[in-house]
Amino acid sequence: MRNTKYFLQFLLLVSCCFTCAPSPSETVEQATEPTEIKQSIINTSHLDHLFTTLKVKGQEVGAIWIYSEAPDYHLVTDEDEGFTCVDDVARSLVFYCRYFAQAPSSEVLERIAALSEFILQLRAENGYFYNFVFPDGTINTTHQNSVATPNWWSWRAFWALTELQAVEAAELKNLQERSLAVIETMIPLIATLCTQSEEVYTLEGLSLPRCLSEMGTDQIAIVLHGLNNHYQQSPSEDLRELIRKMGNLMLSAQAGDEEQAPHGAFLSWRNHWHAWGNTQAYALLTAGELLEDTRFVEAGLREVRYFQPYFLAQDGLHAFEVVQKDKTLEMTNIQQFPQIAYNIRPMVYAALKAYELTGEEAYALQAAELAAWFLGDNPVEKVMYDATSGRTFDGINSADQVNQNSGAESTIEALLTLLAVEQVPVAQAALLAAAKRE
């Protein structure tokens, strides 16, 4: 990736090309706001290819194939897991719910309804969710990544159902009512997480909350996305305190600052950091805005301001560990690869939220630079998202190898990223400019 400082300066110049020329009556401040860019590079064709319908518990539902393999992009099932899962259906539901606001249609509503029904049918009696489903509609209740427990897929289901609540469409009223009942039964389950949050333990010189030794802040962030959404829809003092509790847990996992590695990054789990799913900054910025808690906002901005430029300067990172020696933090076991779409989207979300809260254009341009990974600004200089087909390659395995499969996660995470960028004109302008250069 390009040197962050000079690339941002270049993008600032480029963005001027997408702004309106001021009329004599306009002030300088008025003239600097970019116009909305109508051009879109979002293509849902491959996501449509991954979509199918089937019956689960006798109910017609929509599903998303997990795997799609090159070169013909045929659909693949896994004999141990299944062919679809709550993880990817929930991601798709989040995308379609947000996409409907930009491109409303009956087809999108049908997708939203079918995918919502899938999630509801995967709910277990204990209030959590199973994950995988076999092609015949049988739910996989035994695979370690499919049992109904407080884990990634249950939190993604929770987040997605809260996104459904925000869609303004009368056709979804019944589904929204059913989903709201599920959301409300999950809140008490979430409240039982980390009840002894004040207990700490020491690992590699770091003092960390003991309750996060099993469930990291990467999962807490997904929970917080749902809580933030639900608070906007149904605010209460109890919910406010639950959000504050989750936010405080994430604060305890932030390490470093402008000068000290890892430069304000939020550790994902124990003393590990990984790029995939690392949405803590975005979750905290949103929670800080809702609760008017400057601590949360400042912590989220710290990662965006210091760690993201460091990440870009390294040409991307996949994972590392943090140890503390003599009061000094060190990064160890640093891995640059693999790089995947799910590495990029969380940081783009955080940078765009930072721009929304501060109005500082550099954050929007930083989001565009991060998103340019999809358009060829990456270590292999390979376009990862093909706007003509809607396919996104599954990842960059090394400095000279690309995984050219195109499964659900890569496809959806790319679309979520591009959709977010396109809702911020200055970021969209910069990204389109990058696309033209590539």
*Which fully enclosed helices (runs of 4 or more DSSP H) of segment 286-373 have 3 or more residues being touching a residue at least 60 places away in the same chain (Cβ under 8 Å) and aromatic (Phe, Trp, Tyr)?*
341-358
*Output the residue which, of all residues in segment 215-236 that are within 17 Å of Leu161 (Cα to Cα) and free of Cβ contacts under 8 Å to residues at least 24 places away in the same chain, is most open to solvent (accessible area, probe 1.4 Å).*
Pro235
*Just wondering, is there one or more residues in segment 146-169 that are touching a residue at least 12 places away in the same chain (Cβ under 8 Å), closer than 20 Å to Gly390 by Cα and either in contact with a helix residue (DSSP H, G or I) (Cβ under 8 Å, 6 or more places away or on another chain) or of a type outside the set (A, V, I, L, M, F, W, C) (or both)?*
no
*asked:* I need the full set of residues from segment 266-311 which are of a type in the set (Ser, Thr, Tyr) and surrounded by fewer than 21 Cβ atoms within 10 Å (Cβ to Cβ), in order please.
replied: Thr294, Tyr306, Tyr310
_Could you check segment 71-121 and list, in sequence order, the residues that are farther than 16 Å from Ile412 by Cα, among the aromatic types (Phe, Trp, Tyr) and open to solvent by 30 Å² or more (accessible area, probe 1.4 Å)?_
none
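Here is a yes/no grid of residues against (1) over 13 Å from the mean Cα position of the chain (by Cα); (2) within 18 Å of Gln314 (Cβ to Cβ):
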site: Asn343; (1), (2): no, yes
site: Tyr355; (1), (2): yes, no
site: Trp373; (1), (2): yes, yes
site: Gln401; (1), (2): yes, no
*Go through segment 374-385 and count every residue that is in a helix (DSSP H, G or I) and either touching a residue at least 60 places away in the same chain (Cβ under 8 Å) or farther than 17 Å from Ala414 by Cβ (or both).*
1
*Could you tell me whether segment 66-82 includes any residue that is within 19 Å of Thr417 (Cβ to Cβ) and assigned to a loop (DSSP other than H, G, I, E, B)?*
no
*Tell me, yes or no, whether segment 328-343 has at least one residue that is farther than 25 Å from Pro262 by Cβ and either crowded, with 22+ Cβ neighbours inside 10 Å or touching a helix residue (DSSP H, G or I) at 6+ places or on another chain (Cβ under 8 Å) (or both).*
no
_I'm trying to understand the selection: among the residues of segment 47-62, which are out of contact with any helix residue (DSSP H, G or I) (no Cβ under 6 Å at 6 or more places or on another chain) and either assigned to a strand (DSSP E or B) or open to solvent by less than 10 Å² (accessible area, probe 1.4 Å) (or both)?_
Phe51, Thr52, Thr53, Leu54, Lys55, Glu60
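The values are calculated or read from the model by the stated rules, or taken from the named source; none is laboratory data. The shown structure was predicted, so the numbers you read here are calculated from the model rather than taken from an experiment. Backbone-built Cβ (ideal geometry, glycine too); neighbour counts: all protein chains shown. Note: areas computed on protein heavy atoms with side chains; ligands, DNA, RNA excluded. Shrake-Rupley method; radii C 1.70, N 1.55, O 1.52, S 1.80 Å.
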